[in-house]
Amino acid sequence: MINLRKMKPSDATGVATIQVDCWKKAYAGIIPDKYLLALDVNAKAKTWESGLSLNPDVIRIVALEKNVPLGFVAGLENRSSAFYPEIASEAWSIYVHPDHWKKGIGKMLLLAFIEEMKKLKHKTMIVWALEENLPARAFYEAMGGVLQNQNQTQTFGGKSLTEVAYLFHL
Ligand SMILES: CC(C)(COP(=O)(O)OP(=O)(O)OC[C@H]1O[C@@H](n2cnc3c(N)ncnc32)[C@H](O)[C@@H]1OP(=O)(O)O)[C@@H](O)C(=O)NCCC(=O)NCCS
């Protein structure tokens, strides 16, 4: 059975492992290999741990089975207000371990995150996905996200990549 709860410091390594394994699997052939090979679970775990104490208001939800983290979602305010100032909240990252894709865990996490945004009286939410990350885009579309027309660019390992945005009405 999958349980959801707020992320704790003891989840940091599990969450970082999910993140790194996801990047290597989902972004192979999109983000340069050199960048993906350099991803470091310990460094990412430290970032999650310090983030928990430095920014306690951020919403971070973990999905666990038998106390093992299988996925997580994190976010709060819309960080891309330069493009979409009218949108209140943003799911900054959502990851499910590749061994557990397409079992409904991402859906549970995104719906739980939306509930938290509703408690904050937010009416809209944005998510960004790499244009080439077609599975994630299919997920957001299945969840009711509406593709927007303004894109942004991010550079990874010297390669410039387009990100597309999806709007959710909460
Ligand atoms: C995107 C991601 C979070 C989806 O999580 P998941 O647990 O596999 O998704 P779910 O099983 O909950 O699927 C929810 C819905 O999305 C659809 N969906 C999920 N992945 C899909 C895919 N690859 N292709 C088509 N539809 C998909 C499901 O069919 C389901 O639709 P339904 O409710 O109508 O049946 C997960 O694949 C992941 O972690 N990917 C790598 C990281 C990533 O790209 N994150 C997003 C960064 S922008």
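Read-outs throughout are calculated quantities, based only on the coordinates presented, and are distinct from any laboratory measurement. What you are looking at is a predicted structure, and each value in this text was computed from that prediction instead of being measured. Positions of Cβ are generated from backbone atoms using ideal geometry, with glycine treated the same way; all protein chains shown enter the neighbour counts.
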Checklist line | Charge context of GLN148, other residues only, Cβ under 13 angstrom, K/R +1, D/E -1 | finding: -4
Note to self: Connecting C-alpha atoms closer than 10 Å in a GNM of the chain, tell me which of SER80, SER53, SER89 has the biggest fluctuation.
What the structure shows: SER53
Check: Picking from ASP33, ASP11, ASP21, which is most flexible by a Gaussian network model of the chain using Cα springs under 10 Å?
Finding: ASP33
Checklist line | DSSP-defined beta bridges in the chain - what % are antiparallel, rounded to 5 | finding: 90
Notebook entry, point to check: Put +1 on the Cβ of each Lys and Arg and -1 on the Cβ of each Asp and Glu in the chain; which of ILE105, GLY144, ILE18 then has its Cα farthest toward the positive end of the dipole?
Noted result: ILE105
Next item on the list: With r as the distance between the Cβ atoms of ALA43 and GLU131 and R0 = 35 Å, compute the FRET efficiency 1/(1 + (r/R0)^6) and round to 0.05.
Entry: 0.85
Checklist line | Helix-derived mean residue ellipticity, 222 nm - over the chain, DSSP H n ≥ 4, -39500 (n - 2.57), to 500 | finding: -10500 deg cm²/dmol
Notebook entry, point to check: If eta is 1.567 mPa s and T is 4 °C, what Stokes-Einstein diffusion coefficient results for region 2-169, Kirkwood Rh from Cα pairs, in µm²/s?
Noted result: 79
Notebook entry, point to check: Most exposed first by the Cβ proxy, i.e. fewest other Cβ within 10 Å, how do THR153, THR47 rank?
Noted result: THR153, THR47
Note to self: Taking the beta-carbon count within 10 Å as an exposure proxy, list THR13, THR155 from fewest neighbours to most.
What the structure shows: THR155, THR13
Next item on the list: Quote the charge dipole size of the chain about the Cα centre in Debye, to the nearest 20; the model charges only the Cβ of Lys and Arg (+1) and of Asp and Glu (-1).
Entry: 360
Notebook entry, point to check: Taking region 58-90, which trypsin sites (Lys or Arg not before Pro) meet the DSSP loop condition and have no more than 16 other C-beta atoms within 10 Å?
Noted result: LYS66, ARG79
Checklist line | Candidates per GluC sites (Glu not before Pro) in region 53-103, loop by DSSP, up to 15 other Cβ within 10 Å | finding: GLU86
Note to self: Could you tell me how far the Cα centroid of region 1-36 sits from the Cα centroid of region 103-170, in Å?
What the structure shows: 17
